Structure formats: C-alpha cells, structure tokens
1. Quickly run through the stretch 100-120 and pick out the residues that are touching a residue at least 12 places away in the same chain (Cβ under 8 Å), part of a helix (DSSP H, G or I), open to solvent by 20 Å² or more (accessible area, probe 1.4 Å) and of a type outside the set (S, T, N, Q).
2. Filter the stretch 195-216 for residues that are in contact (Cβ under 8 Å) with a residue 60 or more places away in the chain and within 14 Å of Leu260 (Cβ to Cβ) and give the result.
3. Taking the condition modelled with pLDDT of 95 or more, surrounded by 12 or more Cβ atoms within 10 Å (Cβ to Cβ) and within 18 Å of Asn71 (Cβ to Cβ), does Asp167 pass?
4. Since His154 meets every condition but one in (1) free of Cβ contacts under 8 Å to residues at least 12 places away in the same chain; (2) surrounded by fewer than 14 Cβ atoms within 10 Å (Cβ to Cβ); (3) farther than 25 Å from Arg226 by Cα, which condition does it not meet?
5. Consider only pairs whose beta carbons are under 7 Å apart and that are at least six residues apart or on different chains; among these, list those whose first residue lies in the stretch 37-49 and is closer than 11 Å to Ala16 by Cβ and part of a helix (DSSP H, G or I) and whose second residue is at pLDDT below 90 and among the β-branched types (Val, Ile, Thr).
6. So Asp133 fits all but one of (1) among the acidic types (Asp, Glu); (2) part of a strand (DSSP E or B); (3) more than 21 Å from the chain's Cα centre (by Cα); what number is the exception?
7. For the stretch 242-259, indicate whether the set of residues that are of a type in the set (A, V, I, L, M, F, W, C), at pLDDT 95 or above, in contact with a Phe, Trp or Tyr (Cβ under 6 Å, 6 or more places away or on another chain) and assigned to a strand (DSSP E or B) is non-empty.
8. With the requirement that a residue be acidic (Asp, Glu) and farther than 16 Å from Asn136 by Cβ, what does the stretch 248-276 give you?
Amino acid sequence: MATKLSSSELLSIEPAESPTDVQYAAGLVLKEEWHIAEYDFPIIKSLSPDRFYIAKLKGRNIGCLVILMVNPNHAYIHSFIIEEGYRGRGYGTRLFDVVLASLGPSCSVTLDSVENMAPYYEQRGFKRFWTADLYNCSVTAVSHYLSKLEELPHVHITASLEEISFDALAAYDDSVSGEPRSSWLKKWIFESDGSSWVAVDKTGKIVGYTVCHALLTDKLKSEKKRYRISPLFANDLLTAKHLLKAVADYCLAKEEGAILCLQFATTNPGALNLCRELKGEFKETFVKMYSEGAKEQDTSRTYVYYPY
C-alpha cells in the first residue's frame, strides 16, 4: 500500500513484519507518554496481524497506525502517531485515510481522542459519544479511603477465575462494552501479566469485573510503578468501589508508592462521584468517538475505562 505525495516523496504504508516494528510503535507510544503495558501490542498483533501499520518515508519509519480488530465487523484505533518532525505535512492524514479505507464500508470504527484532535476526526465522519477524565491516584490514598467501605450484601469479590465461567464473563462484558470481543478478552485476562477480579451475586450472576495491568514507564521520567485499570464495569457504585479496593490493595502490596491510572466515565454520575472522592491528580480528558454503525457502550455500568 503506497501513496505518492509529490513528485519526490513516496509514503509507504506497510504492515509490521518484525518484532522491531512492534518495538518501534511501542517506543512512539511511550514517547507520547501514553499508557501501554508489556503485552498490549503483542496481543493486538496476534489478533490483528495485518492491521499493525508502519508509515515509512523513503524507507525511514516516521509513524504508525495500530488497529485492533475487536471482531470481524468492528475496529478500534489503538495508536495513531506521526513523529514530531514529520507532522503538519499531510503524512498522518494519508496514513489515516488509506488505512481506514482498507477496512471496508461494513466495518465500524471507534477511537479515543484528546480534545484538541476531536475536530480532526469529526471532519472524517466520527461522532462524539462520551468523555473520560484521566486521573493519577496514589494506591496508598485509594486503599486508605476505601478501607471503611460498607459491606457488599449478597455479593462476593473473587480473584480466582477458575470459579467463573468465561462465557458468562464475556457475555457480561459484551452487554456493557456494546461489541462482542471475547477473543480479545480471553487474551487480556489470561495471556497478559494482568490481574482480574470478578463480583458475583448469591445466584452466581456476574455483577461487575475489573482487570489491572502494570504499565511500561520511562524510567528517566518516573520512578514510581504505575498500574492501569481497564475496564472497571459494575452494576452499581458500591460494587465498583469494592472492586477498586481489591485492585488498590493488590497494588499497595506490590509497591507502596505506586500510582493508579484511572479514566473515569464522565457520563456516569457514580463514576464522577468516585472520582471526586478519591481526589486524584487530573491529567486530561479523552473523547470517545464512533463511526457510523458502531454500537454504543453502556456508560451507566462503566466506571473506569481505558480501552484495549
């Protein structure tokens, strides 16, 4: 796939073929100070081997566009980055438009945008659906704040996933996320370095779950270990708090000075209430954007969400 931009420059858009290509894309993400865990890109590459693109100008890597095929009819744009020295010259637009056109008209697409980039995607037909505010929270402070929670009646939290039917967990996830994504979920939970907790009521019905991963960090910029929760789905606020407490206690046992990176769904009053109570450090707002045909997420049960 190649697009000629002028008589002297040729932008080549090629599927990543080697671990070096994947490492290059991961390096771009870290440079932007975005959140990425060790297994994120390997999982995406295994599920979407032909949708991990590197942009090259005269043979030199200048950017990437990484797509996760959530299911055959739905794609999520995980990373879209052009190196700083090559921005503003049309390369990113060519990369974006050519790759999205290759998905075909029957494939819906979602992405997360920072606020100042949202108009760019709106010009390409994407619509704003909801927003999420990213906060950094001390695991010590979170664990302490949630230490005196009222009991969760008729519900228990388990980290022993052998007690849980994966099909039931996938069905619960589908009912909240809006898109069937069991292949991704199985890898997210069982083939990464993450830890998971599930809330189950007395009838055995799943009423919430969460997954936590340690993030890769630039050690020159941060000595503190960082953890990402993605997602935290729950049927009510109290269940969400108990799941979050389980994560905080786990991270606190790993490292007392660790940071939890939490994206709170701003359209969920319970999530906003929890966000205010924890008093974390606000970082930025992300806009959840959908193309035509994409299914909406149930934000009433979405408390913390950092996609894929």
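1. Filtering the stretch 100-120 down to residues touching a residue at least 12 places away in the same chain (Cβ under 8 Å) leaves 100, 102-103, 106-115, 118.
Still in the list and also part of a helix (DSSP H, G or I): 100, 102-103, 115, 118.
Still in the running and open to solvent by 20 Å² or more (accessible area, probe 1.4 Å): 100, 102-103, 115.
Answer for the stretch 100-120, where residues must be touching a residue at least 12 places away in the same chain (Cβ under 8 Å), part of a helix (DSSP H, G or I), open to solvent by 20 Å² or more (accessible area, probe 1.4 Å) and of a type outside the set (S, T, N, Q): Leu100, Leu103, Glu115.
2. Thr210, His213, Ala214, Leu215
3. Values: modelled with pLDDT of 95 or more: yes; surrounded by 12 or more Cβ atoms within 10 Å (Cβ to Cβ): no; within 18 Å of Asn71 (Cβ to Cβ): yes.
Taking the combined requirement at face value, the residue does not satisfy it.
4. For His154, the failing item is (1).
5. From the stretch 37-49, the pairs are Phe41/Val22; Lys45/Val22.
6. Every listed condition holds for Asp133 apart from (3).
7. No - not one qualifying residue is present in the stretch 242-259.
8. Step one: list which residues in the stretch 248-276 are acidic (Asp, Glu), which gives 249, 255-256.
Asp249 - this is the single residue of the stretch 248-276 that is acidic (Asp, Glu) and farther than 16 Å from Asn136 by Cβ.
The values are calculated or read from the model by the stated rules, or taken from the named source; none is laboratory data. The shown structure was predicted, so the numbers you read here are calculated from the model rather than taken from an experiment. Backbone-built Cβ (ideal geometry, glycine too); neighbour counts: all protein chains shown. We work out accessible area using only protein heavy atoms, side chains counted, and drop any ligands, DNA or RNA first. Shrake-Rupley method; radii C 1.70, N 1.55, O 1.52, S 1.80 Å.
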